[in-house]
1. Test of understanding: among B:Lys73, B:Lys80, B:Lys112, which residue is among the basic types (Lys, Arg) and either surrounded by 24 or more Cβ atoms within 10 Å (Cβ to Cβ) or at the interface with another protein chain (Cβ under 8 Å from one of its Cβ atoms) (or both)?
2. Whether any residue in the stretch A:41-59 is without any contact (Cβ under 8 Å) to a residue 40 or more places away in the chain and either assigned to a helix (DSSP H, G or I) or more than 30 Å from B:Leu93 (Cα to Cα) (or both) is what I want to check.
3. Just checking, which of A:Val58, A:Val14 is crowded, with 21+ Cβ neighbours inside 10 Å, in the same structural domain as A:Asp132 (by TED's automatic domain parsing), in contact with a strand residue (DSSP E or B) (Cβ under 8 Å, 6 or more places away or on another chain) and within 21 Å of A:Val581 (Cβ to Cβ)?
4. If I filter the stretch B:44-62 for residues that are at the interface with chain A (Cβ under 9 Å from one of its Cβ atoms) and basic (Lys, Arg), do I get at least one hit?
5. Of A:Arg300, A:Arg278, A:Arg321, which residue is basic (Lys, Arg), within 25 Å of the chain's Cα centre (by Cα), at negative phi and surrounded by fewer than 24 Cβ atoms within 10 Å (Cβ to Cβ)?
6. So which residues in the stretch A:284-330 are within 25 Å of A:Asp397 (Cβ to Cβ) and β-branched (Val, Ile, Thr)?
7. Report the residue count in the stretch B:127-163 for those that are in a loop (DSSP other than H, G, I, E, B) and more than 13 Å from chain A (Cβ to nearest Cβ).
Amino acid sequence: MNRVVFSSWGGNIVDNRRKTAGYTPVENLEFPLEHNGHRVRAFMSWWGLVVVDEKINVADMTHAYLKEVQKLSCGECSVGYLGIRVMLDTLTRILGGKGTENDIALLRWLGNGIKANTKCDFCALALTPVLDSLKYYEGKYTKIKAAQKSLAKPAYLTRITAPCMEACPAHQDAPGYIELINNRRYEEALALIRQTNCLPGTMGRACFAFCEENCTRQDIDKPVSIRALKRVPADYEVTAALEPEAKVKKAGGDKVAVIGAGPAGLAASYNLALKGYRVTIYDEQPSVGGMAWVGIPAFRLPRNVLGREVDIIKKLGIDVRLNTRVGKDITLEQLLKQGFKAVFIATGAHAGRELGIEVEGGGVVDGVEFLRDVNMGQKVAVKKRVIIVGGGNVAVDCARTCLRLGFKEVIILYRRSRAEMPAREEEIEAAEAEGAKIHYLAAPVKALTEGGKVTGVECIRMKLGEPDDSGRRSPIPIEGSEFTVGTDMIIPAIGEKPDLSLIEGKSIDTTKWGTIVVDAPTGQTSLPAVFAGGDCVSGPATLVEAIAAGNKAARGIDRYLKSGRATPPEEQVVEDWLHDVALNHQRDGNIVAKKERQSPEQLPIVKRKLGFDEVEQCLTLEMAAKEAERCLRCYRVMLLAVDGKK
Amino acid sequence: MIKLTIDGKKVAAEEGGTILDAANQAGIRIPTLCSHESLRPAGACRVCTVEIATNGAKSLTTACDYPVEAGLKVSTTSEKVMEARRLAVELLLAQRPHSSKLQELARKLGVKQPRFVLAEQECILCQLCVRTCQEIVDVEAITFVAQGKDRGVAEPTVVHSLDKCIGCDACAYVCPTESITVTDIGDTRTINTPSGKLEFKLKQCQVCGKYWAPEKQLDYIIEKWHLEPELFATCPDCRD
């Protein structure tokens, strides 16, 4: 049984070392002591020190931890950078048996001094467990003898993350690129972004920005504008007419087919091509980009921005076959027979869910279909009044699109309240500012028609009941509250589902929700050479989740093709192990001054209705530097001591 | 105006200003190193550390970049403050023991021989040169390279870009530790920087024959202010 010998986790000191009887368990640990064949012997992070195996050499572990911290100590302030350096030098000397009497006092003085007075929080918070170890394990430092050094050395596993990074499905290194933007090193910032996100300009505009929801800065004033900052180096590359450098590692690897040219397919293709694989992408649409192209309107994501980023990816030597539907024009078996060693299915979720109300005659167009028609340049009939049913981004995008097309009255019908609306708050506000009306707690019951044409919708009022599976309070109809709203058109936008006809009859497992089952860390399906990711696995989700799935699958496919097994890499094992550790909290932070969040300029409302010009502008370089300065650099270093390889 | 207290003295300060501005106005001297009245604060050297108390919380911070707030209580001389300043200066002096500016600061704060040794670096990363080049010269030839995740940077440093640098020597002028130096010999100006040597051809005065300014700098000024190149054919001494 794993018993914790000592813990300062979260500042709660539990010390079982000198107890003659009884054992105080540690209640608040947020990670299991065993995972995937590894056993924790000790753990160190900004949140405290946990020792399970009392034979562990805490001084040696602290040294290993501080070495990782030192690599992240940026140099923006003297106390953090030089102080950590001196501490590390001192610790190295102690471990080498050359410590002096004053060293422990010096380490404590430095540690406390640095903690109290650094420019950002990184070094200050990172020192917490170092001070804990000096306080509670002083003996391990002062009695460095040959006997201790000969103890079997554990293996150290490291994980470096941050609240924003962990919230991002693709774990993008936001503090890293923000720091580079602050120092006006835009090309390096962009190269760093591209390591985990092959569509920086696209995502700098259209990302849901889960990172901002988890930004520590919220505790002081408002989150850092991480999404808007990401756009800055991407736009800089365009205005400075720079070409990104992409080095393909030894081309001529195995052939991999990618089905679907959306964000998931592009991310997988980009990463596989960089690793030297020969990638062919198939897509039924006449253009690359998937939902980012057909589903996101140009006023949020100009076509040339996405087009340019797609071209950059294609230039890695990727063969793109458009207007080709796998399952109809060519089958999965044919692909595998043609010499593709692995296939990545990323076909998205493009089929609109049906409203489930009776409609006779015309005047009803599915939201995704409507956006696709407009975004692909097809003419759509402009009506006087439209009712859009749904509360997600598709509904809001439909509303904003209709207003630009010249619809006089645009009404969104949503069955829950504003708080439950899944669309991004900024988008909802923009839609309202542009003239859309939102009726909350109302659902359609049936369409009213006259002479084969829609004339209105009969609706019913709803109230909120208990939370459902999604965690949102479920809507309950209020009997007898029916009312009617006149309209010329209905756009249901209540969610999409994948079309999985291409794998019908194959031995690929699917869920009852009509999505593909995969091994989460690698994207592998029940058919070993076939991987899947994006909306066809998750159901309708966000661009960044699709990119993350593409990145993961590329790693999985690479390992599968190299070793025959798609095992997750060690870093992913550690990542999964520590994923539940809450990263936001901190012990003994210093006072941070409030700084105003910089927000990009928006196109004036009057100009928006004239067409599909981009609404949000880019932050200026000056604003970007100011905004970047707001980042607190909340990197968290976590070090696990586990059994070394025997 | 914002009302705050510094060392027990009631002070009125302009909104948007810093504790350092307010203290200077009130005649309270706070030692500084990386601060310059014409530049944005960096908070890099931590020498201007003060102790603040606001809404029941207390902590150290730097006077140069902390904005004044109503009701803020600032102490510039508490034992905690002096200890923090001594730590910053002791660290800086350990890295650059030969800087007269640092030696003087150390003497004033009572820091004697540093208790630890660091490999000597002339540059103490105060970023005065970076900010001067960005904000005063408006060229952005110098950028700061920090350490970071997977960055593989051995040590943070400042880097001059030869493409952008106009050879004006403002960086050498503001450098407090002689990490950037300039020498003009014959028709060549050499700027020694932490990232290497930069050389610039100097312009010769048509009248006295003296080499008086880097050609690249003059070209920059001519272009930026739309001036006639003839203006710079002669050195300032030989102009009417």
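1. Selected residue: B:Lys80, the only one of B:Lys73, B:Lys80, B:Lys112 that is among the basic types (Lys, Arg) and either surrounded by 24 or more Cβ atoms within 10 Å (Cβ to Cβ) or at the interface with another protein chain (Cβ under 8 Å from one of its Cβ atoms) (or both).
2. No, there is no match, as no residue in the stretch A:41-59 is without any contact (Cβ under 8 Å) to a residue 40 or more places away in the chain and either assigned to a helix (DSSP H, G or I) or more than 30 Å from B:Leu93 (Cα to Cα) (or both).
3. It is A:Val58.
4. Checked against the condition, which is being at the interface with chain A (Cβ under 9 Å from one of its Cβ atoms) and basic (Lys, Arg), the stretch B:44-62 yields at least one hit.
5. Just a single option satisfies the conditions, and that option is A:Arg300.
6. A:Val288, A:Val294, A:Ile296, A:Val305, A:Val310, A:Ile313
7. 2
Residues checked against (1) within 14 Å of chain B (Cβ to nearest Cβ); (2) not hydrophobic (A, V, I, L, M, F, W, C):
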| residue | (1), (2) |
| --- | --- |
| A:Met165 | yes, no |
| A:Arg194 | yes, yes |
| A:Phe208 | no, no |
| A:Pro223 | no, yes |
| A:Val232 | no, no |
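The values are calculated or read from the model by the stated rules, or taken from the named source; none is laboratory data. Computed from a predicted model, the values in this text were never measured in an experiment. Here the Cβ is made from the backbone with ideal geometry for all residues, glycine too, and neighbour counts use every protein chain on show.
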